[in-house]
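Bear in mind these aren't lab numbers, they're just calculated from the coordinates by the rules spelled out. Quick caveat: nothing in here was measured; it's all calculated off a predicted structure. Ideal geometry is used to build each Cβ from the backbone, glycine not excepted, and the neighbour counts take in all protein chains shown.
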Amino acid sequence: MMEQAIVRLIDMPCSVRGFVRRDSDGDYNIYINNRYPVDIQRRTVRHEQEHILRGDFDNAASIAEVESLPR
């Protein structure tokens, strides 16, 4: 089950579409690059939600390994 997820649009380098971090309250903060078009922002939010739902925060794998897991 997903705790609360808060989506935040921020300026980031163009090489980063988004990322997610868990805060001290256990909520997930999904940071989305506001430089991308809305359709890519939406896909990025779904991608980050998949990480939350899959439990990737409790996975000992590296980021590269987690990103290469089948969806």
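Taking 0.36 nm per residue of sequence separation and subtracting the Cα-Cα distance, how much length would be gained by fully extending the chain between Asp27 and Ala5, in nm to one decimal? Numbers along the way, then the final one.
On the way: separation 22, 0.36 × 22 = 7.92 nm, distance 0.59 nm.
Computed gain between Asp27 and Ala5 is 7.3 nm.
Taking the Cα atoms of the range 5-67 alone, what are Rg (to one decimal) and Dmax (as a whole number) in Å?
11.7, 33
What does the charge count near Tyr36 come to, summing +1 for each Lys or Arg and -1 for each Asp or Glu among other residues with Cβ under 15 Å from its Cβ? Please report the intermediate quantities before stating the final value.
Values: positive: Arg8, Arg17, Arg35, Arg42, Arg43, Arg46; negative: Asp11, Asp39, Glu48.
Local net charge: +3.
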